[in-house]
Structures are given as C-alpha cells and as structure tokens.
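So the structure is just underneath, and the comments pick up after that.
The values are calculated or read from the model by the stated rules, or taken from the named source; none is laboratory data. Keep in mind it's a predicted model, so treat the numbers as computed, not measured. Please note: Cβ atoms are built from the backbone with ideal geometry, for glycine as well, and neighbour counts cover all protein chains shown. In case anyone asks, the SASA skips ligands and DNA or RNA and just uses the protein heavy atoms, side chains included. Shrake-Rupley method; radii C 1.70, N 1.55, O 1.52, S 1.80 Å.
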Amino acid sequence: MGKIKLAVIGATNYLERLTECLQNNAPEYLEILNCKGDQELPEFLVQMQPDMILCDEGTIQNENLAEHIVQIHLADHKDVGEEKKYIFRYQRGSEILRQIFQIYEQNSKKSLVCRCKTVEMEMTAFYAPGGHDFLLPFSVCYASLCGEKEKVLYLDLSEFSGMRMFFSQKDQGNFSDLIFGIRQKKERFLICLQGVLHHTEQFDYVLSPENPEDLYEIQEEDLACLISLLQEQTEYKKIIWNCGTLNQAAVRVMECCGKVFCLVRDNVYGKYRKQEFKKFLQKESYLRLRKKVLYISPQMGSGAFVQGTDMLTQLRSGEFAKHVKKITEETTNE
C-alpha cells in the first residue's frame, strides 16, 4: 500500500512552519510535500502526483487539478462549511492534520485505516504465532493495568479466545454486530456501540464474532470507519486489540498500532514459530508491522493464579499482573 501524498502549496512563513509541523506529526504512510512557487506548480503536480493539496484560498484554480486530487483551503475564520473543504488555520498542527484526513476520507476512495496516529488515541495489539494459552489473560491484564489511568476499550478479534467463558457472557452483541451496524447506519454509531459494549471496573470490551468466519469478511474500509468513529465520538484514550489470527483485518489493525506484543513460548517449538514469523515479516509489504513487534515470553505458569480467588481480580493486582507490568515495560524491539 503506497504512501498518501499531501502537498502544501505556498511560500509564506506560516505555510513553511505548518509544513514542518505536519512533517513532524505525520504517520509514516503519509508523505508531506511542499511547493513554494506558482510557476513551478504544473511541473510539480505532474512529477509528484499528490493526493491532497493544502493551500490558501485562490492559490489554485480547480480546473487546473487532476480529478483525483482533493483540494483543501486554509481559512482565517472558524465559521466554514465542511462541503467547502476549509480548515481554520489558527489551531494546533495535530488538529489540522486530523481535519485534513477527515476531509480526504469523505472525498476520496483511498482507505485511511491507519490514520489513528494523528489524534490522541493510542492502540496496542497482542498476537501469538501458532497460539498461546496466555494471549487472553495477558492482554486482559494489560487492559486492566492501563485502565487504572485512562479510559480503555478492549476489542477481541480472536477465534474462540475463551473470553465469553472468562466473563460468563451469554450470546449477545459482538464485534460482528458492531461492524454490521456501522455498515448500515454509521450515523447511529454510538447507539450501535452501546448495544455490544460490556463493562468491567477498569475497561470496556466487545466480544469477538461468534462465527470465526466473520473475521475474514471484515474489510479495510470497515476498520477505517470504526477507528475514525472511535476517535471522533468516544472518550477512549487507549484501544487494546486481541488479534488471535493473522488475517487481513488483524494485519491492518496491527499496522496502525503503536506496539504489537507478540507472545512466544520459551521452548524449542516457540523458537521455531518466532523464527518463521520473523522471516515472514521480512517481506517489504510488512515493513511497517515489523517495526512495531515486541516479542515477549511469559515465564509464569498456571501456578501464578490462586484457586478460589476471582480471576479478574488476580489479573488486576496479583502476581501475574506484576509480571505483565514488568515484562511489558522492559521489552524493547529486537
């Protein structure tokens, strides 16, 4: 998936500072370009082929632009209509970038599933090559620890993760219902979310699809829309993803996370799986994901849990919780 190109057109001091700010805040799949002179513009457009153009009003005539280019204007006043593709210039660069993506997503066919990094919402994923018994308790424990400081949402994309049994949930709303609801009426997103949301003291969560086949039908556009709506309409500061299968949806999710904790067993078969997974990530198309993966090997067995004591309580404050906190804080990229 190639980079999206945003060209800032103009030579004013403000536009130079804005270009630098956007470059510092842009996710790695977004390339920020700059063209200072009107005379250079025709050649610049042919050579660089930007997807978006950001400029002062009147700088460029629409008839001179290719049909696919989304032109966005900077305005000196806040009272601007979305249909005119204007952005108020005097605000934080990160907010300008968020609005740029919002306008582009509404006016382009190219997907923006990874744009979550442009706003104040952190995402972390958990995955285990070949599976791992501790994938569920480890990720749930991590969500509980994070939930002590900020509002957390846990999303389960695993096949038969055991989460329903763990939380004693009967069959009801799950991730499939959430995606279906967004496809039907995304303007009623919050109502749809409330219909599938479950709660603990530390975090909220959505169960995985009851039918694992649904995981393979989730499209990139579905995820882009979901992440966008979570950013814009909820107060969650952190999203934790349990990715139990390396399908298309899981890969796209992991690519836009800040960290991907990869659980591997500390034995000969675990090492084999780790080596195969690392070899798989050497492909150029998985470069973005490779940079985010952090390998961890939980050293505590089932003996870390005390029989007869509430499991969720132990995941929040027991010996296992201390182990999870220690290993996730100490782990670095290999």
*Since residue 96 meets every condition but one in (1) part of a helix (DSSP H, G or I); (2) open to solvent by 30 Å² or more (accessible area, probe 1.4 Å); (3) at pLDDT 85 or above, which condition does it not meet?*
(2)
*Mind counting the residues in segment 1-44 that are among the polar types (S, T, N, Q), over 17 Å from residue 56 (Cα atoms) and modelled with pLDDT of 80 or more?*
2
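Residue 170: at pLDDT below 80, under 30 Å from residue 50 (Cβ atoms) and open to solvent by 40 Å² or more (accessible area, probe 1.4 Å), yes or no? Even if it seems obvious, please write down each step before you answer.
Working: at pLDDT below 80: yes; under 30 Å from residue 50 (Cβ atoms): no; open to solvent by 40 Å² or more (accessible area, probe 1.4 Å): yes.
The answer is no for residue 170.
Could you pull out the residue among 279, 259, 271, 291 that is surrounded by fewer than 19 Cβ atoms within 10 Å (Cβ to Cβ), touching a strand residue (DSSP E or B) at 6+ places or on another chain (Cβ under 9 Å) and either at pLDDT below 90 or not small (Gly, Ala, Ser) (or both)? Break it down stepwise before answering.
Details: 279 fails: touching a strand residue (DSSP E or B) at 6+ places or on another chain (Cβ under 9 Å); 271 fails: touching a strand residue (DSSP E or B) at 6+ places or on another chain (Cβ under 9 Å); 291 fails: touching a strand residue (DSSP E or B) at 6+ places or on another chain (Cβ under 9 Å).
The match here is 259.
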*How about segment 197-213: which of its residues are open to solvent by less than 10 Å² (accessible area, probe 1.4 Å), in contact with an Asp or Glu (Cβ under 8 Å, 6 or more places away or on another chain) and either of a type in the set (A, V, I, L, M, F, W, C) or in a helix (DSSP H, G or I) (or both)?*
206, 207
*For residue 125, which of the numbered conditions (1) of a type in the set (A, V, I, L, M, F, W, C); (2) surrounded by fewer than 21 Cβ atoms within 10 Å (Cβ to Cβ); (3) not in a helix (DSSP H, G or I) fails to hold?*
(2)
*Among the numbered conditions (1) part of a loop (DSSP other than H, G, I, E, B); (2) more than 28 Å from residue 327 (Cβ to Cβ); (3) free of Cβ contacts under 8 Å to residues at least 24 places away in the same chain, tell me where residue 184 comes up short.*
(1)
*For segment 214-244, which residues satisfy the criterion of being open to solvent by less than 30 Å² (accessible area, probe 1.4 Å) and hydroxyl-bearing (Ser, Thr, Tyr)?*
228, 234, 236
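In segment 294-328, which residue that is within 13 Å of residue 262 (Cβ to Cβ) and not in a helix (DSSP H, G or I) is modelled with the lowest pLDDT?
Checked segment 294-328; the qualifying residue modelled with the lowest pLDDT is 298.
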*Taking only segment 16-57 into account, find how many residues are open to solvent by 80 Å² or more (accessible area, probe 1.4 Å), within 13 Å of residue 69 (Cβ to Cβ) and part of a loop (DSSP other than H, G, I, E, B).*
1
